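Only one structure is covered here, and it is reproduced in the block below.
The values are calculated or read from the model by the stated rules, or taken from the named source; none is laboratory data. This is a predicted model, so every value here is computed, not measured. Every residue, glycine among them, receives a Cβ derived from its backbone with ideal geometry; neighbour counts consider all protein chains shown. These area figures cover heavy atoms from the full protein model, side chains too; ligands, DNA and RNA do not enter into them. Shrake-Rupley method; radii C 1.70, N 1.55, O 1.52, S 1.80 Å.
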Amino acid sequence: MSLLPRRWRLPYFAVLGIIGLLLSISALQSYRLSGGTRPWEPFLWEFSSVVVIGALALGVHALLGRLQGLPWPRQLAAHALAMPLFSLLHVGGMFGLRFAVYGLAGVGYHPDDLATVLVFEGGKDAVSYLSFCLISRGVWMAQAAAARAQELDRARRELAEVRLARLADQVQPHFLFNTLNLISSVMYEDVARADRLLCQLADLLRQTLAAQQRVEHTVREELALVQPFLALMQARFGPERLVVQIEADAAAAECRLPALLLLAPVENAVKHDVARHRGRVTVSVRAERVGERLKLIVSNQGDTPVPESPPDPDGGFGLRNLRERLAARYGEAARVEFGPSGPGMALDLELPCVC
């Protein structure tokens, strides 16, 4: 693997260039004051050092990556060997470049004796090496923290998906048992009608199982499940007793939402509210996109309600399940309101529209 990721190469080399240029300009002033006649020399001296140091800094970073997790005595021993090697490589590489350039220019180059150079450069190299170690340590820690954050985020997403799948699984038996109870009341009155209802139920269950495998789908696909369910209920209660209204604008139909989200609220509207009214009941499902938000309303309006105890303000099992699913999927970005609306009840949902 490359010591320097591709996205960091240009910034890294740019920083080295800026450092070399600033050092060279500073050295040029001293060079001119001392009577120097070749202005390119300070640039060669500084850039030869910066280029070699830049390469060695990557080696130090790689070394610290390999030393991570090792006992401190082993790390200290490795640094004790690496520090003088760093200085030797710096001196060798720097003077190698200088001799090469001076040779190409046909100019003699006479540096100080080796011992003086090693002592002079060794002190600076020790400081440079320790500085690179500290910087590299910080970089590795930041990368490790970022990796942990990504892993935690991935684990949270997987947990949310598992939770959504569990909550969606709860919809199936609850819906199935209630629907079978509704159909069972017809079996002894009209066997042929009950048979048709069971066939419709089988088709609906196949569609819901297919939808559940996808975790989420579009509003259009969700309404394609709600429509046959309401048709099934109309066959059970009769079109004169149950009126169905489904509306969705084109923009809202393309928004995505958790699969089977509306089935339980619609089921509750039919199961509870048809029983609570003597006359006709209208169950409506509306979807509208407002900006980047999706608004969904499931409501019922009935004639001459039967007096009884007020409904559960939380909406029973189905709506508690719905609240949990939306909280797991959208957090505070989703809004759920359930309560009286005229002579009936209404469930208002608002969530981000994701296409």
Any residue on another chain or 5+ positions along whose placed amide H is under 5 Å from the amide H of Cys353 is listed here as Arg293, Leu294
At a Förster radius of 51 Å, what calculated FRET efficiency corresponds to the Cβ-Cβ distance of Val117 and Ala155, to the nearest 0.05? 0.40
Taking the C-alpha atoms of the chain, how large are the radius of gyration and the largest Cα-Cα span, Dmax, in Å? 37.3, 116
Please calculate how many Å² of accessible area the chain carries per residue, with a 1.4 Å probe and no DNA, RNA or ligand atoms counted. 56 Å²
Nearest 10 degrees, 0 to 90: what angle lies between the long axis of helix 316-330 and the longest principal axis of the chain (Cα atoms)? 20 degrees
Would you grab the residues whose amide H sits under 5 Å from the one on Arg280? Only those 5+ places off in sequence or on another chain, please, with H modelled 1.01 Å from N. Asp303
Given Trp8, Ala147, Leu322, which one lies farthest toward the positive end of the charge dipole of the chain, if we put +1 on the Cβ of every Lys and Arg and -1 on the Cβ of every Asp and Glu? Trp8
Length-normalised contact order of the chain in % [C-alpha pairs under 8 Å, at least 6 apart]: 11 percent
Exposed-site-free run, longest, the chain (rule: trypsin sites (Lys or Arg not before Pro); DSSP loop; at most 13 other C-beta within 10 Å): 1-213
For the range 19-71, the percent of accessible surface on carbon and sulfur atoms (probe 1.4 angstrom, ligands and nucleic acids excluded) is 67 percent
